[in-house]
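Bear in mind that the values in this text are calculations on the coordinates, not laboratory data. None of the values given here were measured: they were computed from a predicted structure. FYI the Cβ positions are ideal-geometry reconstructions off the backbone, even for glycines, and counts take in every protein chain you see.
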Amino acid sequence: MVSGGIQALMLACSTLAQLGGRRHRSRPPQIFGLVPLVAGPGILAGAAAAASAVLCALAAAVAGVGHGLVFSGAARESGTYWSMLATFIRNSLPIAKSSCRNYRKLLTIQMRTFDG
């Protein structure tokens, strides 16, 4: 459940960064997106060492922003921005849906155990 939520967070941050990055020319989002894209795994390593879910979520958000900026710049440079964004969102929805479904199942099991 937690991993699905963290994946959904990363994809949501990437989508928002893609929408924000479309106002710029193609090259600046690609260059500036590399910083958070590289920082994300570094934060993730720190999260693993500290066994911190909060740092793991932060790593996902930072890497998502970096991914979104780099993706946005590349899509804009190739002239296929809107079709690539639509494909990205379409491919991200099943992950978010699966995460929500698993969360609902977990809550149902917990409620049955609690009532039990």
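With the radius of gyration and the Kirkwood radius both derived from the Cα set of the range 1-89, what is their ratio Rg to Rh?
With Rh from the inverse mean 1/r over Cα pairs, Rg/Rh is 1.03.
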For the peptides 38-50, 5-17, 60-72, what is the packing order when you average, over each peptide's residues, the other Cβ atoms within 10 Å and list the highest mean first? 60-72, 5-17, 38-50
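Considering only the other residues whose Cβ falls under 15 Å of the Cβ of Phe88, what net charge follows from Lys and Arg at +1 and Asp and Glu at -1?
+3
Taking 35 Å as R0, compute the FRET efficiency from the Cβ-Cβ separation of Ala51 and Ala12 and round it to 0.05.
0.90
Would you mind counting up the charge near Arg22? Only other residues with Cβ under 13 Å from its Cβ, with Lys and Arg at +1 and Asp and Glu at -1.
Details: positive: Arg23, Arg25, Arg76; negative: Glu77.
That works out to +2.
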